[in-house]
Amino acid sequence: MCTVCGCGQGETQIEGHDHDHPHDHSHPHTHEHVHADGTVHSHPHPHSHSHSGHDHNHDGLHEYGVAHAHVHDHLHDADAMHDHALSYHPYSGDLHYGLGPARTHAPGLSQERMVKIEQDILGKNNTYAAGNRKWFAEHGMFALNLVSSPGSGKTTLLVKTIEMLKDQARVAVVEGDQQTSNDADRIRATGAPAIQVNTGKGCHLDAHMVGQALKRLDPADDSLLMIENVGNLVCPAAFDLGEAHKVVILSVTEGEDKPLKYPDMFHAADLMLLNKVDLLPYLSFDVSKCIEYARRVNPKLQVMQVSATRGDGMDEWLAWLRAGLEQARVAREQNLDLLKRRIAELEARLAAKV
């Protein structure tokens, strides 16, 4: 739904963030208020107009394609609106709003209009994501997007990972939540640098938020960046942050059919961490069925069974992280060597002309 409504845009708060001009990217005109703690609360301007250094959208959309409150897709008939977006199950009578080109439903918007808005939102996000990915490559960073529902044990697993890696690798964290800095405080207690991004009404991080957080966080070269997304198995699936991999964390307390209920997230992920396996003796959770469901959605999905509290599977997880870090470091060195060779070739050509 976020790819249609653009929920939460303009309400993001990043610790220590101020608003400096000029930017090397375009954004809509906003009013921003600096709070005593250094965070910034930005409010989109209600009107779109031309301003030097800004890229405004004049088709009724604010940043990320957020539609104005007034909608001009007038409806002639309530049933006509649902024809291509809604299906009735022939036996149960259940409603299915996931049909049609947009694969979702929004009152007052046609399927075609929703597809156009989604293209605008994701197109702009992907531009920012490409910038983040380039920056990660230049600095040899292994960046991961950790996604899960609330209560999966994501932060606990992250804290344990940092503690076990502290003598082997440098780790930095971007924390995403709608409100509070509770999780960032937990991360900072381990000694790892972390910055909190509060999304307000938004239910996911996007690539622009991560780019702004990186400017404040300034992580070390050849380090591991863990992006803990907002607890949500729906919207973060659609938003590329520039990460090397999405890692979906599913706890055994949630139910083995989650991959079938939320297929987009498991399809977008490269690795599933099945967490809290120490609780399996007390639950009626079918591990093999869960993995079967997950790979039905994504046959290439890698799966690890872990327990952040007891330590199960942590060695395998850490080995996977170290391999990714080494790959990112080697790629950066190869890119540097290639750049040096190109510079030497250019210098030789210039010397030959003199």
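Just to be sure I understand the filter: pairs with C-beta atoms under 7 Å, separated by 6 or more residues or on different chains, first member in segment 213-224 and among the charged types (D, E, K, R), second member not in a helix (DSSP H, G or I). Which pairs pass? Listed by first residue and then by second, the contacts come to 216/14; 216/15; 216/16; 216/17; 216/195; 221/139; 221/140; 222/140.
Residue count for segment 199-212 under the criterion of being of a type outside the set (Lys, Arg) and more than 13 Å from the chain's Cα centre (by Cα): the result is 2.
When you check residue 221 against the structure, is it of a type in the set (Asp, Glu), assigned by TED's automatic domain parsing to the domain that holds residue 312 and more than 13 Å from residue 172 (Cβ to Cβ), yes or no? Answer is no for this residue. Can you tell which of 144, 165 is touching a helix residue (DSSP H, G or I) at 6+ places or on another chain (Cβ under 7 Å) and assigned by TED's automatic domain parsing to the domain that holds residue 321? It is 165. Inspection of segment 293-304 finds a residue satisfying the criterion of being loosely packed, with under 11 Cβ neighbours inside 10 Å and free of Cβ contacts under 8 Å to residues at least 40 places away in the same chain. Can you find even one residue in segment 280-291 that is surrounded by 13 or more Cβ atoms within 10 Å (Cβ to Cβ), of a type in the set (A, V, I, L, M) and under 30 Å from residue 220 (Cβ atoms)? The answer is no, given that none of the residues of segment 280-291 is surrounded by 13 or more Cβ atoms within 10 Å (Cβ to Cβ), of a type in the set (A, V, I, L, M) and under 30 Å from residue 220 (Cβ atoms). Scanning segment 184-201 for residues that are closer than 11 Å to residue 13 by Cα, touching a helix residue (DSSP H, G or I) at 6+ places or on another chain (Cβ under 8 Å) and part of a loop (DSSP other than H, G, I, E, B) returns a single hit, 199.
In segment 89-144, of all residues being loosely packed, with under 14 Cβ neighbours inside 10 Å and part of a strand (DSSP E or B), the one that is modelled with the lowest pLDDT corresponds to 96.
Let's see how each residue does on (1) over 24 Å from residue 136 (Cα atoms); (2) hydroxyl-bearing (Ser, Thr, Tyr); (3) modelled with pLDDT of 95 or more; (4) touching a strand residue (DSSP E or B) at 6+ places or on another chain (Cβ under 6 Å):
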position: 289; (1), (2), (3), (4): yes, no, yes, no
position: 292; (1), (2), (3), (4): yes, no, yes, no
position: 296; (1), (2), (3), (4): yes, no, yes, no
position: 301; (1), (2), (3), (4): no, no, yes, yes
position: 314; (1), (2), (3), (4): yes, no, yes, no
position: 324; (1), (2), (3), (4): no, no, yes, yes
position: 340; (1), (2), (3), (4): no, no, no, no
position: 345; (1), (2), (3), (4): yes, no, no, no
position: 350; (1), (2), (3), (4): yes, no, no, no
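Could you please find all residues in segment 193-222 being polar (S, T, N, Q) and crowded, with 22+ Cβ neighbours inside 10 Å? Selection gives 196, 198, 199.
The values are calculated or read from the model by the stated rules, or taken from the named source; none is laboratory data. Computed from a prediction, not measured in an experiment: that's the story for all the values here. FYI the Cβ positions are ideal-geometry reconstructions off the backbone, even for glycines, and counts take in every protein chain you see.
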